[in-house]
1. If a/c stays under 1.5 just call it rounded; otherwise compare a/b with b/c (prolate if a/b is bigger, oblate if not). Do that for region 27-83, with a ≥ b ≥ c from the square roots of the Cα gyration tensor eigenvalues.
2. For region 166-285, just run the numbers: alpha carbon Rg, then divide by 2.2 N^0.38 Å, N being how many residues it has.
3. Counting only the backbone N, which residues of region 158-188 are under 18 Å from the spot 7 Å out from the Cα of Glu125 toward its beta-carbon?
4. Rounded to the nearest Å, what's the spacing between the alpha carbon centres of region 264-298 and region 330-349? Just the number, please.
5. I'd like the orientation of helix 378-395 relative to the chain: the angle between its Cα long axis and the longest Cα principal axis, in ° from 0 to 90, rounded to 10.
6. If the chain between Ser162 and Ala47 were fully stretched, how many nm would it gain, using 0.36 nm times the residue separation less the Cα-Cα distance?
7. Just want to confirm a number: the relative contact order over the chain, from Cα pairs under 8 angstrom separated by 6+ residues, in percent.
8. Starting from the Cα-Cα distance between Glu73 and Glu193, subtract it from 0.36 nm times their residue separation and give me the gain in nm to one decimal.
Amino acid sequence: MEDLGDAMAGDEDVMMLGGGNPAQIPEMLAFFQDRMERIIQNPAEFAHIIGNYDPPKGDRRFIIALAALLREEYGWDLGPENIALTAGSQAGFFMLFNMLAGEFENGERRHVLLPMAPEYIGYAEVGLMEDLFIAKRPQIELFDDNTFKYHIDFENLVIDKSIGAICVSRPSNPTGNVLTDNEIEKLSGLAVENNVPLIIDNAYGMPFPNIIFTDAKLHWDKNTILCMSLSKLGLPGMRTGIVIANESIIDAIGQFNGIINLALASFGPALVYDLVTSGEIIRLSNTVIKPYYKRKAERAMSLLKEELKGVDFHIHKAEGALFLWLWLPGLAISSEELYQRLKRRGVLVISGHYFFPGLKEDWQHKHECLRITYSMNDEVVSAGIKLIAEEVKATLNL
Ligand SMILES: Cc1ncc(COP(=O)(O)O)c(C=O)c1O
(Lines give C-alpha, C1' and ligand atoms only; values in the text may rest on other atoms or scores of the structure.)
Protein backbone atom coordinates (compact mmCIF):
# COMPACT_ATOMS: atom_id res chain seq x y z
CA MET A 1 0.00 0.00 0.00
CA GLU A 2 2.93 2.32 0.71
CA ASP A 3 4.27 1.75 -2.81
CA LEU A 4 0.87 2.72 -4.21
CA GLY A 5 0.55 5.80 -2.00
CA ASP A 6 4.07 6.96 -2.91
CA ALA A 7 3.34 6.47 -6.59
CA MET A 8 0.15 8.55 -6.42
CA ALA A 9 1.80 11.28 -4.33
CA GLY A 10 5.16 11.57 -6.11
CA ASP A 11 6.06 12.79 -9.53
CA GLU A 12 8.12 9.72 -10.37
CA ASP A 13 7.33 8.22 -13.73
CA VAL A 14 5.43 5.22 -12.47
CA MET A 15 2.80 3.33 -14.45
CA MET A 16 0.17 3.11 -11.79
CA LEU A 17 -1.92 0.04 -12.51
CA GLY A 18 -2.13 -0.87 -8.87
CA GLY A 19 -4.50 1.39 -6.95
CA GLY A 20 -8.24 1.72 -6.70
CA ASN A 21 -8.22 5.35 -7.75
CA PRO A 22 -11.16 6.23 -9.96
CA ALA A 23 -10.50 7.97 -13.26
CA GLN A 24 -10.83 11.73 -13.52
CA ILE A 25 -13.65 11.79 -16.05
CA PRO A 26 -13.82 15.25 -17.67
CA GLU A 27 -17.66 15.54 -17.58
CA MET A 28 -17.75 14.59 -13.90
CA LEU A 29 -14.89 16.92 -13.00
CA ALA A 30 -16.61 19.78 -14.83
CA PHE A 31 -19.84 19.12 -12.99
CA PHE A 32 -18.18 19.04 -9.57
CA GLN A 33 -16.12 22.13 -10.32
CA ASP A 34 -19.21 24.03 -11.39
CA ARG A 35 -21.10 22.94 -8.28
CA MET A 36 -18.15 23.94 -6.08
CA GLU A 37 -18.05 27.39 -7.69
CA ARG A 38 -21.78 27.84 -7.11
CA ILE A 39 -21.32 26.94 -3.45
CA ILE A 40 -18.52 29.46 -3.06
CA GLN A 41 -20.63 32.17 -4.67
CA ASN A 42 -23.46 31.55 -2.23
CA PRO A 43 -22.20 32.99 1.08
CA ALA A 44 -24.93 31.39 3.23
CA GLU A 45 -24.38 27.91 1.79
CA PHE A 46 -20.60 28.25 1.93
CA ALA A 47 -20.71 29.38 5.56
CA HIS A 48 -23.04 26.50 6.45
CA ILE A 49 -20.83 23.88 4.80
CA ILE A 50 -17.52 24.97 6.29
CA GLY A 51 -18.82 26.48 9.52
CA ASN A 52 -21.22 23.93 11.04
CA TYR A 53 -20.86 20.47 12.49
CA ASP A 54 -23.18 17.98 10.75
CA PRO A 55 -25.09 15.51 12.97
CA PRO A 56 -23.19 12.28 13.72
CA LYS A 57 -25.21 10.31 11.16
CA GLY A 58 -24.29 12.86 8.49
CA ASP A 59 -25.92 15.67 6.51
CA ARG A 60 -29.66 15.28 7.18
CA ARG A 61 -30.79 17.01 3.99
CA PHE A 62 -28.66 14.67 1.87
CA ILE A 63 -29.87 11.59 3.75
CA ILE A 64 -33.54 12.55 3.24
CA ALA A 65 -32.91 13.07 -0.49
CA LEU A 66 -31.08 9.75 -0.82
CA ALA A 67 -33.83 7.84 0.99
CA ALA A 68 -36.39 9.34 -1.41
CA LEU A 69 -34.25 8.41 -4.43
CA LEU A 70 -33.84 4.79 -3.27
CA ARG A 71 -37.55 4.45 -2.47
CA GLU A 72 -38.47 5.75 -5.87
CA GLU A 73 -35.88 3.74 -7.80
CA TYR A 74 -36.25 0.40 -6.02
CA GLY A 75 -39.53 0.61 -4.10
CA TRP A 76 -37.72 -0.25 -0.83
CA ASP A 77 -39.46 0.35 2.45
CA LEU A 78 -36.87 2.70 3.94
CA GLY A 79 -36.56 6.23 5.25
CA PRO A 80 -33.85 8.57 6.53
CA GLU A 81 -33.69 6.46 9.70
CA ASN A 82 -32.16 3.69 7.56
CA ILE A 83 -29.19 5.72 6.33
CA ALA A 84 -26.00 6.96 7.96
CA LEU A 85 -22.87 8.44 6.41
CA THR A 86 -19.31 7.55 7.34
CA ALA A 87 -15.93 9.13 6.65
CA GLY A 88 -15.48 6.98 3.53
CA SER A 89 -16.93 3.51 3.30
CA GLN A 90 -13.62 2.07 4.56
CA ALA A 91 -14.44 3.63 7.97
CA GLY A 92 -17.91 2.08 7.73
CA PHE A 93 -16.39 -1.39 7.31
CA PHE A 94 -14.18 -0.88 10.35
CA MET A 95 -17.25 -0.04 12.41
CA LEU A 96 -19.52 -2.75 11.02
CA PHE A 97 -17.03 -5.61 11.18
CA ASN A 98 -15.93 -4.82 14.73
CA MET A 99 -19.50 -4.25 15.86
CA LEU A 100 -20.88 -7.50 14.45
CA ALA A 101 -17.86 -9.74 14.96
CA GLY A 102 -14.86 -9.96 17.26
CA GLU A 103 -14.62 -10.78 20.96
CA PHE A 104 -17.76 -10.16 22.97
CA GLU A 105 -18.14 -9.57 26.72
CA ASN A 106 -19.46 -13.11 27.32
CA GLY A 107 -16.26 -14.50 25.79
CA GLU A 108 -17.90 -15.41 22.49
CA ARG A 109 -15.79 -14.91 19.37
CA ARG A 110 -17.52 -14.23 16.09
CA HIS A 111 -16.12 -13.91 12.61
CA VAL A 112 -17.00 -12.18 9.37
CA LEU A 113 -17.60 -14.78 6.67
CA LEU A 114 -16.28 -13.87 3.22
CA PRO A 115 -18.10 -16.51 1.16
CA MET A 116 -15.82 -16.12 -1.79
CA ALA A 117 -12.12 -15.21 -1.75
CA PRO A 118 -10.43 -13.35 -3.44
CA GLU A 119 -11.99 -10.39 -1.69
CA TYR A 120 -11.22 -6.70 -1.08
CA ILE A 121 -7.75 -6.06 0.35
CA GLY A 122 -9.08 -3.14 2.42
CA TYR A 123 -10.90 -5.54 4.77
CA ALA A 124 -7.73 -7.41 5.68
CA GLU A 125 -6.45 -5.25 8.53
CA VAL A 126 -9.62 -3.79 10.02
CA GLY A 127 -10.26 -6.45 12.69
CA LEU A 128 -9.59 -5.52 16.30
CA MET A 129 -9.53 -9.29 16.89
CA GLU A 130 -7.01 -11.45 15.06
CA ASP A 131 -8.57 -13.97 12.67
CA LEU A 132 -11.64 -11.78 12.20
CA PHE A 133 -12.29 -13.25 8.75
CA ILE A 134 -13.16 -16.70 7.57
CA ALA A 135 -12.99 -16.97 3.80
CA LYS A 136 -13.95 -19.71 1.38
CA ARG A 137 -12.46 -20.76 -1.92
CA PRO A 138 -14.64 -20.20 -4.99
CA GLN A 139 -15.64 -22.59 -7.74
CA ILE A 140 -14.01 -21.68 -11.03
CA GLU A 141 -15.82 -21.74 -14.36
CA LEU A 142 -13.51 -21.61 -17.40
CA PHE A 143 -14.55 -20.24 -20.78
CA ASP A 144 -12.80 -20.87 -24.07
CA ASP A 145 -11.97 -17.21 -24.77
CA ASN A 146 -9.29 -17.18 -22.06
CA THR A 147 -11.75 -15.85 -19.48
CA PHE A 148 -13.09 -17.39 -16.28
CA LYS A 149 -15.61 -16.62 -13.55
CA TYR A 150 -15.65 -17.36 -9.85
CA HIS A 151 -18.82 -18.67 -8.23
CA ILE A 152 -19.69 -19.13 -4.57
CA ASP A 153 -19.21 -22.74 -3.49
CA PHE A 154 -22.49 -23.04 -1.55
CA GLU A 155 -21.90 -26.73 -0.80
CA ASN A 156 -18.95 -25.82 1.39
CA LEU A 157 -20.42 -22.72 2.96
CA VAL A 158 -21.01 -23.47 6.62
CA ILE A 159 -22.69 -20.81 8.72
CA ASP A 160 -22.68 -21.60 12.41
CA LYS A 161 -22.75 -19.67 15.69
CA SER A 162 -19.19 -18.46 15.15
CA ILE A 163 -20.30 -16.24 12.24
CA GLY A 164 -21.41 -12.68 13.08
CA ALA A 165 -21.88 -11.33 9.54
CA ILE A 166 -21.46 -12.27 5.88
CA CYS A 167 -19.78 -9.82 3.52
CA VAL A 168 -19.28 -9.63 -0.25
CA SER A 169 -18.09 -6.88 -2.56
CA ARG A 170 -20.35 -6.65 -5.62
CA PRO A 171 -18.92 -5.71 -8.12
CA SER A 172 -15.85 -7.33 -6.66
CA ASN A 173 -12.61 -5.65 -5.94
CA PRO A 174 -10.22 -7.29 -7.02
CA THR A 175 -11.76 -9.51 -9.69
CA GLY A 176 -14.45 -7.44 -11.44
CA ASN A 177 -16.88 -10.29 -10.74
CA VAL A 178 -20.54 -9.44 -10.19
CA LEU A 179 -22.24 -12.11 -8.10
CA THR A 180 -25.35 -13.29 -9.89
CA ASP A 181 -28.82 -12.34 -8.60
CA ASN A 182 -29.28 -16.00 -7.77
CA GLU A 183 -26.11 -16.07 -5.65
CA ILE A 184 -27.21 -12.92 -3.80
CA GLU A 185 -30.68 -14.37 -3.21
CA LYS A 186 -29.18 -17.55 -1.80
CA LEU A 187 -26.76 -15.63 0.43
CA SER A 188 -29.55 -13.42 1.66
CA GLY A 189 -31.68 -16.48 2.47
CA LEU A 190 -28.81 -18.08 4.39
CA ALA A 191 -28.19 -14.85 6.29
CA VAL A 192 -31.86 -14.60 7.35
CA GLU A 193 -31.98 -18.30 8.31
CA ASN A 194 -28.92 -17.91 10.50
CA ASN A 195 -29.94 -14.53 11.87
CA VAL A 196 -26.80 -12.70 10.75
CA PRO A 197 -26.66 -9.63 8.52
CA LEU A 198 -25.52 -9.77 4.90
CA ILE A 199 -23.18 -6.87 4.13
CA ILE A 200 -23.03 -5.95 0.44
CA ASP A 201 -20.15 -3.66 -0.46
CA ASN A 202 -21.68 -1.73 -3.32
CA ALA A 203 -18.81 0.78 -3.78
CA TYR A 204 -18.91 0.28 -7.59
CA GLY A 205 -22.53 -0.73 -7.87
CA MET A 206 -26.01 0.60 -8.50
CA PRO A 207 -27.55 3.12 -8.65
CA PHE A 208 -24.29 5.09 -8.57
CA PRO A 209 -21.56 4.94 -9.83
CA ASN A 210 -23.05 1.91 -11.62
CA ILE A 211 -19.78 0.49 -12.91
CA ILE A 212 -21.53 -2.80 -13.73
CA PHE A 213 -21.50 -4.29 -17.20
CA THR A 214 -23.87 -7.22 -16.62
CA ASP A 215 -27.57 -7.31 -15.82
CA ALA A 216 -27.86 -7.38 -12.06
CA LYS A 217 -30.53 -6.41 -9.55
CA LEU A 218 -29.68 -4.46 -6.42
CA HIS A 219 -30.76 -6.24 -3.27
CA TRP A 220 -31.68 -4.68 0.07
CA ASP A 221 -33.89 -5.65 2.97
CA LYS A 222 -33.79 -5.03 6.70
CA ASN A 223 -31.32 -7.89 7.20
CA THR A 224 -28.98 -6.47 4.54
CA ILE A 225 -26.41 -3.77 5.15
CA LEU A 226 -25.74 -2.04 1.87
CA CYS A 227 -22.55 0.04 1.83
CA MET A 228 -22.04 2.69 -0.80
CA SER A 229 -19.56 5.46 -1.44
CA LEU A 230 -19.16 8.72 -3.32
CA SER A 231 -15.54 7.81 -4.10
CA LYS A 232 -15.98 6.00 -7.39
CA LEU A 233 -18.16 8.82 -8.75
CA GLY A 234 -14.84 10.62 -8.82
CA LEU A 235 -14.84 12.00 -5.27
CA PRO A 236 -12.41 9.86 -3.22
CA GLY A 237 -11.05 13.06 -1.67
CA MET A 238 -14.46 13.84 -0.15
CA ARG A 239 -14.35 10.75 2.09
CA THR A 240 -18.06 10.00 2.08
CA GLY A 241 -19.39 6.50 2.68
CA ILE A 242 -23.05 5.54 2.99
CA VAL A 243 -24.53 2.74 5.10
CA ILE A 244 -28.12 1.60 4.45
CA ALA A 245 -29.43 -0.76 7.10
CA ASN A 246 -32.02 -1.33 9.81
CA GLU A 247 -32.41 1.37 12.44
CA SER A 248 -30.41 -0.28 15.19
CA ILE A 249 -27.35 -0.62 12.93
CA ILE A 250 -27.77 2.97 11.75
CA ASP A 251 -28.02 4.24 15.34
CA ALA A 252 -24.86 2.34 16.25
CA ILE A 253 -23.01 3.85 13.26
CA GLY A 254 -24.14 7.31 14.40
CA GLN A 255 -22.74 6.65 17.87
CA PHE A 256 -19.48 5.31 16.47
CA ASN A 257 -19.16 8.42 14.24
CA GLY A 258 -19.82 10.66 17.23
CA ILE A 259 -16.99 9.02 19.15
CA ILE A 260 -14.43 8.76 16.37
CA ASN A 261 -15.18 11.78 14.18
CA LEU A 262 -17.59 13.91 16.20
CA ALA A 263 -19.09 14.95 12.88
CA LEU A 264 -18.55 14.12 9.22
CA ALA A 265 -17.15 16.29 6.47
CA SER A 266 -19.97 18.24 4.81
CA PHE A 267 -18.49 18.85 1.38
CA GLY A 268 -19.17 15.45 -0.23
CA PRO A 269 -22.91 15.45 0.46
CA ALA A 270 -23.14 19.15 -0.47
CA LEU A 271 -21.48 18.56 -3.85
CA VAL A 272 -23.85 15.78 -4.87
CA TYR A 273 -27.05 16.95 -3.16
CA ASP A 274 -28.51 18.49 -6.32
CA LEU A 275 -27.66 15.37 -8.30
CA VAL A 276 -29.53 13.22 -5.83
CA THR A 277 -32.66 15.38 -5.58
CA SER A 278 -32.93 15.62 -9.36
CA GLY A 279 -32.07 11.97 -9.99
CA GLU A 280 -29.31 13.25 -12.27
CA ILE A 281 -26.82 11.09 -10.37
CA ILE A 282 -28.41 8.02 -11.96
CA ARG A 283 -28.41 9.51 -15.44
CA LEU A 284 -24.73 10.53 -15.17
CA SER A 285 -23.81 7.10 -13.83
CA ASN A 286 -25.59 5.36 -16.69
CA THR A 287 -24.57 7.64 -19.52
CA VAL A 288 -21.13 8.90 -18.49
CA ILE A 289 -19.47 6.75 -15.83
CA LYS A 290 -20.57 3.25 -16.86
CA PRO A 291 -19.73 3.66 -20.60
CA TYR A 292 -16.41 5.29 -19.71
CA TYR A 293 -15.23 2.30 -17.70
CA LYS A 294 -16.84 -0.27 -20.01
CA ARG A 295 -14.78 1.03 -22.90
CA LYS A 296 -11.63 0.99 -20.78
CA ALA A 297 -12.35 -2.54 -19.57
CA GLU A 298 -12.88 -3.86 -23.10
CA ARG A 299 -9.78 -2.11 -24.37
CA ALA A 300 -7.58 -3.39 -21.54
CA MET A 301 -9.01 -6.91 -21.88
CA SER A 302 -8.30 -7.18 -25.61
CA LEU A 303 -4.84 -5.66 -25.23
CA LEU A 304 -3.91 -8.05 -22.45
CA LYS A 305 -5.20 -11.04 -24.44
CA GLU A 306 -3.24 -9.93 -27.49
CA GLU A 307 0.00 -9.34 -25.57
CA LEU A 308 -0.20 -12.65 -23.72
CA LYS A 309 -0.62 -14.82 -26.82
CA GLY A 310 1.39 -17.99 -26.34
CA VAL A 311 1.10 -17.90 -22.52
CA ASP A 312 -1.23 -20.07 -20.43
CA PHE A 313 -3.48 -17.40 -18.90
CA HIS A 314 -7.04 -16.62 -17.87
CA ILE A 315 -8.64 -13.25 -17.16
CA HIS A 316 -11.69 -12.99 -14.94
CA LYS A 317 -14.77 -11.81 -16.84
CA ALA A 318 -14.76 -8.02 -16.56
CA GLU A 319 -18.26 -7.50 -15.20
CA GLY A 320 -17.67 -4.30 -13.25
CA ALA A 321 -15.35 -2.16 -11.05
CA LEU A 322 -11.96 -0.93 -12.31
CA PHE A 323 -9.82 -4.04 -12.45
CA LEU A 324 -8.70 -6.96 -14.56
CA TRP A 325 -7.80 -10.06 -12.56
CA LEU A 326 -5.16 -12.05 -14.37
CA TRP A 327 -4.59 -15.70 -13.50
CA LEU A 328 -1.37 -17.33 -14.69
CA PRO A 329 -1.63 -21.04 -13.85
CA GLY A 330 1.76 -22.61 -13.32
CA LEU A 331 3.56 -19.25 -13.07
CA ALA A 332 7.22 -20.16 -12.49
CA ILE A 333 7.69 -17.45 -9.85
CA SER A 334 5.23 -16.20 -7.23
CA SER A 335 2.93 -13.29 -8.07
CA GLU A 336 4.78 -11.37 -5.33
CA GLU A 337 8.08 -11.86 -7.17
CA LEU A 338 6.39 -10.85 -10.43
CA TYR A 339 5.13 -7.71 -8.70
CA GLN A 340 8.70 -6.90 -7.56
CA ARG A 341 10.07 -7.39 -11.09
CA LEU A 342 7.34 -5.17 -12.53
CA LYS A 343 7.98 -2.52 -9.92
CA ARG A 344 11.65 -2.43 -10.96
CA ARG A 345 10.45 -1.76 -14.52
CA GLY A 346 8.20 1.07 -13.36
CA VAL A 347 4.82 -0.72 -13.41
CA LEU A 348 2.79 -1.01 -10.22
CA VAL A 349 0.15 -3.73 -9.97
CA ILE A 350 -0.97 -5.70 -6.91
CA SER A 351 0.06 -9.26 -6.26
CA GLY A 352 -3.03 -11.44 -5.95
CA HIS A 353 -1.97 -13.10 -2.69
CA TYR A 354 -3.04 -10.04 -0.68
CA PHE A 355 -6.67 -10.57 -1.62
CA PHE A 356 -7.36 -13.68 0.42
CA PRO A 357 -7.96 -12.39 3.97
CA GLY A 358 -9.29 -15.23 6.10
CA LEU A 359 -8.33 -18.05 3.71
CA LYS A 360 -5.83 -19.99 5.78
CA GLU A 361 -5.32 -23.04 3.64
CA ASP A 362 -2.49 -22.94 1.21
CA TRP A 363 -3.74 -22.68 -2.34
CA GLN A 364 -1.34 -22.24 -5.23
CA HIS A 365 -3.94 -20.08 -7.04
CA LYS A 366 -3.29 -17.32 -4.43
CA HIS A 367 0.22 -16.91 -5.85
CA GLU A 368 -0.74 -17.00 -9.51
CA CYS A 369 -2.87 -13.86 -9.87
CA LEU A 370 -2.36 -10.14 -10.40
CA ARG A 371 -4.80 -7.27 -10.07
CA ILE A 372 -4.42 -4.72 -12.86
CA THR A 373 -6.27 -1.40 -12.62
CA TYR A 374 -7.46 0.06 -15.93
CA SER A 375 -8.79 3.42 -14.72
CA MET A 376 -5.68 5.44 -15.62
CA ASN A 377 -5.20 7.06 -19.02
CA ASP A 378 -5.08 4.75 -22.04
CA GLU A 379 -1.38 5.29 -22.85
CA VAL A 380 -0.32 4.35 -19.32
CA VAL A 381 -2.59 1.29 -19.32
CA SER A 382 -1.25 0.15 -22.73
CA ALA A 383 2.40 0.65 -21.81
CA GLY A 384 1.86 -1.08 -18.46
CA ILE A 385 0.10 -4.07 -20.02
CA LYS A 386 2.91 -4.49 -22.59
CA LEU A 387 5.51 -4.58 -19.83
CA ILE A 388 3.43 -7.02 -17.75
CA ALA A 389 3.26 -9.38 -20.73
CA GLU A 390 6.99 -9.00 -21.38
CA GLU A 391 7.84 -9.90 -17.79
CA VAL A 392 5.44 -12.85 -17.77
CA LYS A 393 6.97 -14.16 -20.99
CA ALA A 394 10.47 -13.67 -19.54
CA THR A 395 9.56 -16.08 -16.70
CA LEU A 396 8.76 -18.67 -19.40
CA ASN A 397 11.84 -17.85 -21.47
CA LEU A 398 9.52 -16.94 -24.37
C1 LIG B 1 -14.74 -2.75 -2.77
C2 LIG B 1 -14.36 -1.47 -2.06
N3 LIG B 1 -14.97 -1.16 -0.93
C4 LIG B 1 -14.67 -0.05 -0.25
C5 LIG B 1 -13.71 0.83 -0.71
C6 LIG B 1 -13.40 2.05 0.10
O7 LIG B 1 -13.96 3.19 -0.47
P8 LIG B 1 -14.00 4.59 0.26
O9 LIG B 1 -13.17 5.50 -0.57
O10 LIG B 1 -15.45 4.98 0.29
O11 LIG B 1 -13.46 4.42 1.66
C12 LIG B 1 -13.03 0.55 -1.90
C13 LIG B 1 -11.98 1.46 -2.37
O14 LIG B 1 -11.23 1.18 -3.28
C15 LIG B 1 -13.36 -0.63 -2.59
O16 LIG B 1 -12.75 -0.96 -3.73
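1. It is oblate, given that a/c is not under 1.5 and a/b is not larger than b/c.
2. 1.11
3. Answer for this model: 174.
4. About 35 Å separates the Cα centre of region 264-298 from the one of region 330-349.
5. Its long axis makes an angle of about 40 degrees.
6. Between Ser162 and Ala47, full extension yields an extra 36.5 nm.
7. With pairs under 8 Å counted, the relative contact order is 24 percent.
8. Extra length from Glu73 to Glu193 when fully extended: 40.4 nm.
The values are calculated or read from the model by the stated rules, or taken from the named source; none is laboratory data. Since the model is a prediction, treat every value here as computed from it, not as a measurement. Ideal geometry is used to build each Cβ from the backbone, glycine not excepted, and the neighbour counts take in all protein chains shown. Ligands, DNA and RNA are stripped out before the accessible areas are found, and what is left, the full protein with its side chains, is counted by its heavy atoms. Shrake-Rupley method; radii C 1.70, N 1.55, O 1.52, S 1.80 Å.
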